[in-house]
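Here the structure is laid out as structure tokens; the discussion comes afterwards.
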Amino acid sequence: MRDRMGNRLRRALASWTAAESASPWSLRRRSLWAALVALVIAVLVTLVWLAGRYEASQVQAELERDAADAVSDLRSSLSRHVQAVQALQAQSAEFRQAAALALLRQNREWLRVEWRDPQWHVHQHADSPLRAPAFERTPRQEVANDALQACQRARRFNGPAYSSTYFLPQSDGLGMEVMELCLPQLQLGQLVGFTVVTYGLQELLAERVGATFGRRNEMSFVEPDGTRLAITGAHRRGLRMFTTQQLLDLPGHTLVLRMDGRRAEPDLFPNVLTALVTGMSIALITVMVLLVKDSRRRLKAERDLAEALAFRKAMEDSLVTGLRARDQQGRITYVNPAFCQMVGWEAEDLLGRNAPMPYWPPEMVDEYQQRQAIRLAGNAPPREGFESVFMRQDGTRFPVLIIEAPLISVQGEQTGWMGAVIDISEQRRVEELSRASQERLQATARLATVGEMASLLSHELNQPLAAIASYANGSLNLLRDPGAQPQTLEDVHMALRRIAEQAGRAGRVINSVHDFVRRRDQAREAVAPQALLDAIAPLVNLQARKLQVRVLTRVEPKLPALWCDRTMVEQVLLNLARNGMQSMDRPDCLDRVLVLQAKRVTLKAQQSWVEFAVTDVGTGIEADVATQLFTPFFTTKAEGMGLGLSLCRTVVEQHGGHLEFEAQQPKGTVFRFTLPAAAP
Ligand code: ADP
């Protein structure tokens, strides 16, 4: 299951990596990101712009309110003035002048008050005491036309009327825009005259609205074409100008009040809303940048992961060692392709399987189940290989070497077992081959020994046969004698016994050789050390007699039986004894003694061993010979084969023992080898 998921992940990642490197996809992803960034920036800019616009509209609305207020202030001032003029009309002629002067002093915008009769003659007037008389430079009658029209209108309305504005040059060289108010004076429904008030527009603005609205705004009366007639208020430079116009419609004339408010451009953070929006935008962009960075990091990590997975997969696929993971319950959680190939089952068939596994030979199931139980209980030494036999899907068995180790998770807990399985059939085959060739070599060596023995045999058999022949001749001679005495009969008896003895001896000699050549069984058995030495004794003695060697045998009492291949060990002993005797076959070697020894030694705990030693007093072994002693076919003898010692060592080591030699003082060599004792 997990493997299947792993496979799917690997496949996904592999295709992802492939797609990732393909340019259209990365181009598309990049353009998506660019679109997102552009969109966010557009939204933010719009938001900030809208907030600024809103701010500006607020300023504009405020200005419009101000302008409306200013107009209404002007209107109420003017209507108060009308009332004051009406009150003035009610005054008697002698007080009128004084009252008019008081009013002129109060209202700075009033330039002059005139009283005219219905025929439009001035019969009384008062100029503002606060300034030079307005009509000083231009005589009144020259510019009275507007006032006249106003009065005609006033007469028609029966109420106050205003003239249009006109420019009035002044004696200081400048001039000013003025406007006339005409109020008809009625007595008992009869027109008795007009009161005309001349307004200075500049003063009207400054006095009536300048204080209230002039600090932040610039106010002016304008003509429809935009010409300014009068102006007041602060004029600030460098700021953004907001403008509004309001109509001040008076009876007979309409004035246009323009209000210019110069306000600082709503700056980047004009108010909390914009500040908030901007702050949030910055946060948004920051988050986005972080996200982009994070996604880049993630992409890189994913790419690394994909590469690592691809590498792992390539490694798994090219591995020749089978890998198998099992969980704590013994279920297979993972197998690699090499394992599947080895056992011939698909991964799908193996995953999740528990004992008995399909690759266990049916006859071994019980044993393997026990072994698995021991392993799962944690009683087996980890990382120690053991050999086993598995079965392929087609039923063929093959030997494997399994090395198992605990599977430790990232958290440090054991989650199961990981096993490496190596198919050792090939190794076995090679071993088998070498064993067979070894055996062939041994057989050859034995035959060589037999050849040698045959010549010795003929030599040895000569003696008993010669003895038998002479005894037989003697007996025949005795029997041919007609006057044979009972003593003679006795002699014949004795001769016949000797013949039988010698024949028996010859038979034994032949038998021992026959035995040696015939015995080919490989089976190991428990053999007493003494029996081994006894078995080779006739052959050893045969040669010893020829070479005039004394053979001494020393066997420690109560030695344990040995577990060995009898024939092979005898061959070893025979080889060593023969080598020893041959090394003493020199004229200068007078006292030729060969000692065959067997004693108990303790090498490894819990097992007793027996050591055989073959000691001679021969030539000894030169250093350059010693280095090649065990090399096959190395020999210093004219008729030697050079196989003896190499075979001896192979045989001893096959039994788990060890063959060594050392020089013997004052001369000679001792060869020692060990063999394990049979279990009691
Ligand atoms: P072979 O006896 O056919 O020569 P071996 O392998 O038994 O082959 O012996 C190899 C050589 O080792 C011999 O030729 C001999 O020179 C030397 N050698 C073996 N045993 C002895 C010994 N006991 N003393 C001296 N030399 C020995």
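The values are calculated or read from the model by the stated rules, or taken from the named source; none is laboratory data. From a predicted model like this one, the values you see are computed outputs, not experimental measurements. Cβ: placed from backbone, ideal geometry, glycine included. Neighbour counts: every protein chain shown. The accessibility values were calculated without ligands, DNA or RNA, using every heavy atom of the protein model including side chains. Shrake-Rupley method; radii C 1.70, N 1.55, O 1.52, S 1.80 Å.
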When all alpha-carbon pairs of the range 175-245 are counted, what percent fall beyond 21 Å?
43 percent
For the range 542-603, what log10 I(q)/I(0) values come out of the Debye formula at q = 0.13, 0.15, 0.17, 0.28 1/Å, with one point per alpha carbon and no solvent?
-0.44, -0.57, -0.70, -1.23
Accessible area per residue in Å² at 1.4 Å probe, computed on the range 542-680:
51 Å²
Which of S76, S57, V37 sits closest to the plus end of the dipole of the range 23-106, meaning its Cα is farthest towards the positive end, when Lys and Arg get +1 and Asp and Glu get -1 on the C-beta?
V37
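Loop-only check: which GluC sites (Glu not before Pro) in the range 521-624 are DSSP coil with at most 11 other Cβ within 10 angstrom?
Values: sites: E525, E570, E611, E622; in loops: E622.
Filter output for the range 521-624: E622.
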Pick out, from I499, Q664, F95, the residue whose Cα sits farthest towards the positive end of the charge dipole of the chain, with +1 on the Cβ of Lys and Arg and -1 on the Cβ of Asp and Glu.
I499
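First compute the accessible area of the chain with a 1.4 Å probe, then give the percent of it belonging to carbon and sulfur atoms.
Numbers: 21170 of 37470 Å².
C and S atoms contribute 57 percent here.
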How far is helix 566-583 tilted, in degrees, relative to the longest principal axis of the Cα atoms in the chain, given as a value from 0 to 90 rounded to the nearest 10?
70 degrees
Tell me, for the chain, which Cys residues have no other cysteine's C-beta sitting closer than 4.7 Å.
C340, C564, C589, C648
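Based solely on its DSSP helices, what 222 nm [θ] is calculated for the chain when runs of n ≥ 4 H residues each add -39,500 (n - 2.57) and the sum is averaged over all residues, nearest 500 deg cm²/dmol? Intermediate values should be presented prior to the final figure.
Values: 15 runs with 331 residues, N = 680.
-17000 deg cm²/dmol, from helical runs alone.
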On average, how much accessible surface per residue is there in the range 129-266, in Å², for a 1.4 Å probe, leaving out ligands, DNA and RNA?
47 Å²
For the range 95-163 the mean separation of alpha carbon contacts under 8 Å (6+ apart) over residue count, i.e. relative contact order in percent, is 22 percent
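Give, rounded to the nearest 20 debye, the magnitude of the charge dipole that the chain has about its Cα centre when Lys and Arg contribute +1 at Cβ and Asp and Glu contribute -1 at Cβ. Write down the numbers at each step before the final one.
Working: 80 positive and 75 negative charges, 58 e Å.
With only Lys, Arg, Asp and Glu charged at Cβ, the dipole is about 280 debye.
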Can you tell me the convex hull volume per residue for the range 94-249, based on C-alpha atoms, in Å³ to the nearest whole number?
139 Å³
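May I ask you to derive the relative contact order of the range 138-223, considering only C-alpha pairs under 8 Å and at least 6 residues apart, and to give it as an integer percent? Walk me through the numbers on the way to the answer.
Values: 116 pairs, mean separation 18.0, N = 86.
Normalised by residue count, the contact order of the range 138-223 is 21 percent.
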What number do you get for the range 291-445 when its Cα radius of gyration is normalised by 2.2 N^0.38 Å, N = residues?
1.36
Rounded to the nearest whole number, the per residue volume of the convex hull around the C-alpha atoms of the range 141-224 in Å³ is 136 Å³
Convex hull volume of the range 553-680 per residue (C-alpha atoms, cubic angstrom):
117 Å³
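With 42 Å as the cut-off, how large is the P(r) tail for the chain, expressed as percent of Cα-Cα pairs?
Working: 157707 of 230860 pairs.
Percentage above 42 Å: 68.
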The answer for chymotrypsin sites (Phe, Trp or Tyr not before Pro) in the range 604-680 that fall in a DSSP coil and have at most 13 neighbouring Cβ atoms within 10 Å is F633
Among all the lysines, which ones have a C-alpha under 26 Å from K599's C-alpha, if same-chain residues fewer than 8 places away are not counted?
K558, K667
Helix 2-21 versus the longest principal axis of the chain: what angle, 0 to 90°, nearest 10, using Cα atoms?
50 degrees
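Considering Cα pairs under 8 angstrom that are at least six residues apart, work out the relative contact order of the chain and quote it in whole percent.
After rounding, I find 7 percent.
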Which angle between 0 and 90 degrees, to the nearest 10, do you get for helix 365-376 versus the longest principal axis of the chain when only C-alpha atoms count?
50 degrees
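When ligands, DNA and RNA are left out and all protein chains stay put, how many square angstrom of accessible area per residue does the range 375-453 have with a 1.4 Å probe? Walk me through the intermediate numbers first.
Numbers: 4510 Å² over 79 residues.
Averaged over the residues of the range 375-453, the accessible area is 57 Å².
Sorted by mean Cβ packing within 10 Å, highest first, what order do the peptides 93-101, 292-300 take? Can you show the working numbers first?
On the way: 93-101: 14.2, 292-300: 11.0.
So the order, starting with the most tightly packed, is 93-101, 292-300.
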What share of Cα pairs, in percent, lie more than 16 angstrom apart in the range 260-373?
76 percent
quick shape note, the range 34-145: Cα extents on principal axes in Å, largest first -> 88, 30, 27
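Need the full-extension length gain, A454 to A373, defined as separation in residues times 0.36 nm minus the C-alpha distance. One decimal, nm.
Contour length minus the Cα-Cα distance gives 23.2 nm.
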The range 181-265: trypsin sites (Lys or Arg not before Pro) falling in loop per DSSP and having at most 13 other Cβ within 10 Å:
R215, R237
